[in-house]
Amino acid sequence: MQQTAARSPADDGWPTWSPDGKHIAFQRLSGPLRPAGATVDTAKRIYKDELVVTDANGRYLRTLVWFGPWRGDPQIPVWFPDGKQLAILFRTHPGEDISAARGSGANLYTIDRDGTRLRQLTHFTPYERVDMGSFSPDGKFIAFETSAGAVGGTLPDVVVMNADGTHLGHVTHTRNFETQADWGPGR
């Protein structure tokens, strides 16, 4: 059964257009909150936190990835330049307050646009801060931020790796807060 995005009672965020402009991928939060009786303002966790894709009109909604009840937070989808895959940041926070979990237990994954071939690209510890970045125009590299191996170990540096998760290397080595890695023309 196909859902229509506009008629589903959910909290949607992180929308991103496919390169061809025909689809939108986004994070969808739905279902009961925890602890029992919590409101949106007081909830620590939510039942269903998924990555979904729909056509540009909000029809034909389908789930690409859901890790299971209360398991974590697939967010910040980024399309590969060819539109065949997406990269997502998945934050785990079992037993933690989701509002306090920013940066903990996060790793990068890729998934085909049809919801197949989910692949974990990074294997950071829960104490290493990670944030999604962007793909090089040719789709061969991804730049993002992480505190893994950063000077001082807490503030993130910009890193680059191959789009398949190999050959991670630091672009910056500073004691400053690096943020919002993006590509310019010519790479």
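When you scan region 84-98, do you find a residue that is part of a loop (DSSP other than H, G, I, E, B) and at pLDDT 85 or above, even just one?
First, the residues of region 84-98 that are part of a loop (DSSP other than H, G, I, E, B): 84, 93-97.
Within this subset, residues satisfying the condition of being at pLDDT 85 or above are 84.
The answer is yes, given that some residue of region 84-98 is part of a loop (DSSP other than H, G, I, E, B) and at pLDDT 85 or above.
Is one or more of the residues making up region 5-15 modelled with pLDDT of 90 or more, farther than 16 Å from Thr110 by Cβ and either of a type in the set (Lys, Arg) or assigned to a strand (DSSP E or B) (or both)?
Yes, the conditions are met somewhere in region 5-15.
Using the structure shown, decide if Asp41 is surrounded by fewer than 19 Cβ atoms within 10 Å (Cβ to Cβ), within 16 Å of Asp114 (Cα to Cα) and over 17 Å from the mean Cα position of the chain (by Cα). Talk me through it step by step, then tell me what you get.
On the way: surrounded by fewer than 19 Cβ atoms within 10 Å (Cβ to Cβ): yes; within 16 Å of Asp114 (Cα to Cα): no; over 17 Å from the mean Cα position of the chain (by Cα): yes.
No.
I'm trying to understand the selection: among the residues of region 66-83, which are surrounded by 14 or more Cβ atoms within 10 Å (Cβ to Cβ) and in contact with a Gly (Cβ under 7 Å, 6 or more places away or on another chain)? Can you show your working first?
First pass over region 66-83, keeping only residues surrounded by 14 or more Cβ atoms within 10 Å (Cβ to Cβ): 66-67, 70-81, 83.
Phe80, Pro81 - these are the residues of region 66-83 that are surrounded by 14 or more Cβ atoms within 10 Å (Cβ to Cβ) and in contact with a Gly (Cβ under 7 Å, 6 or more places away or on another chain).
The values are calculated or read from the model by the stated rules, or taken from the named source; none is laboratory data. It should be emphasised that the depicted structure is a prediction, and the values quoted were computed from it without experimental measurement. FYI the Cβ positions are ideal-geometry reconstructions off the backbone, even for glycines, and counts take in every protein chain you see.
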